[in-house]
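A.B. asks: Here it is, the structure in full.
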Amino acid sequence: MKKINYSVLLIMLVVNISWAQGFNTGSGTATIQSGKSVVTFPVQIWGEVARPGVYDVPSGSDFLAAISYAGGPTDMAKLTDVRLIRAKMLEGESTPMVKIDVEAYLVSGDKKNLPEIRPGDTIIVSPRFWKGIRISMGNVQAVLSLFNAIVLIQYYSGR
């Protein structure tokens, strides 16, 4: 009976050590939520999302779930031009960048339009054209307000 207990303990120790070494490579972490282990990995989410940054995404999460962790797209997000940059390419992949049309998925509901998320991937949600116009108009408005103030100062100081 003692031999069986020691054997079980030894096997559990070896499995635990090898399992823990798999997570020390920087490819992810393991956490325990509601009694079960959840493996996560880092994904960078940039651009037109509510909270850009690096997020630990649970394995098995799809593309939309990753964007949702960052608070989802903003009103200025161009959902027809979302880019996924792979940290590591698999054999047979020709380019590290994948262009994703999220609107096509929202219309069709076909998940083949959404790629899988891998450790270290970067998701970039592009801004719409109008965002650049809106920022430029804000700058023009500031310059015109300054010019208006200068004209008013000159007008009233000359009286």
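A.B. asks: How much length, in nm to one decimal, is gained on full extension between Arg51 and Arg86, taken as 0.36 nm per residue of separation minus their Cα-Cα distance? Write out the running numbers ahead of the final one.
C.D. replies: Details: separation 35, 0.36 × 35 = 12.60 nm, distance 2.07 nm.
Between Arg51 and Arg86, full extension yields an extra 10.5 nm.
A.B. asks: Quick one: which residues, 5+ away or cross-chain, put their amide H under 5 Å from the amide H of Ala87? H built at 1.01 Å from N.
C.D. replies: Placed amide hydrogens put Asp121, Thr122 under 5 Å from Ala87.
A.B. asks: So what J values fall out for the stretch 108-115 if you push phi through Karplus, 6.51 cos²θ - 1.76 cosθ + 1.60 with θ = phi - 60°, rounded to Hz, Gly and Pro as x?
C.D. replies: So the J values, rounded to whole Hz, are 8, x, 7, 5, 5, 6, 10, x.
A.B. asks: Could you give the nm distance between label points at Leu64 and Lys99, where each point is 7 Å from its Cα heading toward the beta carbon?
C.D. replies: Distance between the two pseudo-spin positions: 2.2 nm.
FYI, it's all coordinate maths here, none of it is from the lab. Not measured: the values here are computed from a predicted model. Reconstructed Cβ throughout: ideal geometry from the backbone, glycine too, with neighbour counts over all protein chains shown.
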